[in-house]
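Reviewing the structure listed below.
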Amino acid sequence: MARIETRPPMRHLRLKLLAFVALCLLPVLGALKLGVGTGNWLWLAAYGLASLGCFGLYGYDKRQARGQGQRTPEKVLHACELVGGWPGALLAQQVFRHKTRKLSYQLVFWVIVLGHQVFWADYLFLAGRLFGF
């Protein structure tokens, strides 16, 4: 007989969704500006595809962790976040309740998110002076 696992509902859902939207604002606006200005929609597509992939990797890793299977290396998860998958990773962390308590992991994750924020803030507000974009 299959075991049915029940979890309490996600806490502070509205606040988390608001934070998620706020964090996605700079990358989305930057990618849209770049797409409209140059016709290069690669950034926007990369964020979407990498986020889907990262979400899937987190789900797979969570299943493997529960079943004592082969885990996805943290460096692979971080690489996926770095190439634009951090929004999907952030959602997956909340949906799967995975990788949320390991401080060393969260530190690297938030540095990646901050790097993306700084990159797009530079592009949007400083005309790329920091990164020469």
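Being charged (D, E, K, R), in a helix (DSSP H, G or I) and within 23 Å of D122 (Cα to Cα) holds for only one residue in K33, K16, and it is K33. Quick check on my filter: what residues within the range 120-129 are without any contact (Cβ under 8 Å) to a residue 24 or more places away in the chain and surrounded by 13 or more Cβ atoms within 10 Å (Cβ to Cβ)? D122 - this is the single residue of the range 120-129 that is without any contact (Cβ under 8 Å) to a residue 24 or more places away in the chain and surrounded by 13 or more Cβ atoms within 10 Å (Cβ to Cβ). The residue of the range 65-77 that is surrounded by the fewest Cβ atoms within 10 Å (Cβ to Cβ), among those that are modelled with pLDDT under 95 and either of a type in the set (A, V, I, L, M) or in a helix (DSSP H, G or I) (or both), is R66. Selection of the range 94-108 for residues being polar (S, T, N, Q) and either in a helix (DSSP H, G or I) or buried (at least 16 other Cβ atoms within 10 Å of the Cβ) (or both) yields Q94, S104, Q106. From the list A92, A121, exactly one residue is under 23 Å from L25 (Cβ atoms) and in contact with a Gly (Cβ under 8 Å, 6 or more places away or on another chain). Which is it? Within the list A92, A121, the selection yields A92.
The values are calculated or read from the model by the stated rules, or taken from the named source; none is laboratory data. Everything quoted here is computed from the prediction, not taken from an experiment. Every residue, glycine as well, gets a Cβ built from its backbone with ideal geometry; the counts of neighbours run over all protein chains shown.
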